[in-house]
Amino acid sequence: MDRSIAATSLTPTTMMQTLLSLTGRDREILGQLAEHEPLLSSELCLLFFTGARSTRLRLSHLEDIGLLERIYPARSRRGGGTEALWFLSAEGRRAVGAPQRRPPGLSIPDLEHRRAVARFFSRLVEQSLTRTEEGLWSWRGERTSERALGGAVRPGGFGRYLLPAGEIIFYLELDRGTEPGGRVGDKLRRYPPALANDGKREFANVLLVCGGAARLANLARQTPAGPPWFWGTVDAQRYRLLPRGEERSFDALPALPRDPGRSVELCVGKRWRQR
């Protein structure tokens, strides 16, 4: 990968002036990257903007003032272009209080896993934009989700998706087939004790997304009975209750009653379209 520019070091005075110049949207962009970096330009457009030009101009501004860095992945074929991946710079990490060294490191497997997780959540956001009574209320990253589970499990992410009459809460386990099945099974079995004292565990879902039916069948044999409820899928469209049960669509998964205080207009990807 080739980094477009080297991060510059800002003096405390300059940093303070830079932070005071940030808009509310700028701060949320930095916050989302602190949780989920790296994100593509198109994903940041989906979350915060309505057009590619406004996205490009604002991200370039945040890069110019030293808070963001862009990286272009190696091209997959001669002459083929690639979309920029955006990271917080060292100054950007300090601005939002993010760790300077985020474990695990962005090795190639870690990067590919994070990109797959971001694609899953981005599809939910994109789908919700055409549905007036639905939306992704929250998307939490690995570290935040792990802390919420007392450090017992490190999911790929946590989400709360609003439906007209309910709220689906879920932990994402995105399996790329790079770990032994037994290790993945051990991880899944840590969810029930981690959520044992959670008053909402009867409504909690663990979504196990696999790359193929054979891999999913192998992991299904190692999945504990719920709650929380474990749902396996290979296409993120139809989910089967594991270890062996009924099949449902995403919007038919167990859901909490809808909290009237949560407005769809404030959901991820919709909030800034209302401004």
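When the criteria are applied in full, G177 fails the requirement of being closer than 30 Å to E28 by Cβ, open to solvent by 30 Å² or more (accessible area, probe 1.4 Å) and modelled with pLDDT under 95. The condition (being at pLDDT below 90 and touching a helix residue (DSSP H, G or I) at 6+ places or on another chain (Cβ under 8 Å)) is satisfied by just one residue among R114, R102: R102.
Those residues that are within 22 Å of the chain's Cα centre (by Cα) and closer than 18 Å to G212 by Cα, I need them from the stretch 157-184; list them, please.
Initial filter on the stretch 157-184 (within 22 Å of the chain's Cα centre (by Cα)): 157-163, 166-179, 184.
Answer for the stretch 157-184, where residues must be within 22 Å of the chain's Cα centre (by Cα) and closer than 18 Å to G212 by Cα: L172, E173, L174, D175, R176, G177, T178, E179, V184.
For the stretch 201-211, the set of residues classified as assigned to a loop (DSSP other than H, G, I, E, B) and either in contact with a Phe, Trp or Tyr (Cβ under 8 Å, 6 or more places away or on another chain) or modelled with pLDDT under 95 (or both) consists of G211 only. State whether one or more residues within the stretch 92-99 are surrounded by fewer than 12 Cβ atoms within 10 Å (Cβ to Cβ) and either at pLDDT below 90 or not basic (K, R) (or both). The answer is yes; a qualifying residue exists.
When we screen T223, T233 for residues that are farther than 20 Å from L124 by Cβ, at pLDDT 95 or above and of a type in the set (V, I, T), the only hit is T223. Do we have any residue at all in the stretch 255-265 that's in a loop (DSSP other than H, G, I, E, B), within 23 Å of the chain's Cα centre (by Cα), under 22 Å from E167 (Cβ atoms) and among the aliphatic types (A, V, I, L, M)? Looking for residues that are in a loop (DSSP other than H, G, I, E, B), within 23 Å of the chain's Cα centre (by Cα), under 22 Å from E167 (Cβ atoms) and among the aliphatic types (A, V, I, L, M), one finds at least one in the stretch 255-265, hence yes. You will find that of R183, R215, R189, R176, the residue that is out of contact with any helix residue (DSSP H, G or I) (no Cβ under 7 Å at 6 or more places or on another chain) and more than 19 Å from G245 (Cα to Cα) is R183 and no other. The set of residues from the stretch 118-152 being touching a residue at least 24 places away in the same chain (Cβ under 8 Å), over 20 Å from I29 (Cα atoms) and open to solvent by 70 Å² or more (accessible area, probe 1.4 Å) comprises T132, E133, G150.
P155 meets the conditions (1) assigned to a loop (DSSP other than H, G, I, E, B); (2) under 24 Å from L44 (Cβ atoms); (3) touching a residue at least 12 places away in the same chain (Cβ under 8 Å); (4) open to solvent by 60 Å² or more (accessible area, probe 1.4 Å) in every case but one. The failed one is (4).
The values are calculated or read from the model by the stated rules, or taken from the named source; none is laboratory data. None of these values were measured; they are calculated from a predicted model. Neighbour counts are summed over all protein chains in view; Cβ atoms, including those assigned to glycine, are modelled from backbone coordinates with ideal geometry. Remember, those area values only see protein heavy atoms, side chains included, never the ligands or the DNA or RNA. Shrake-Rupley method; radii C 1.70, N 1.55, O 1.52, S 1.80 Å.
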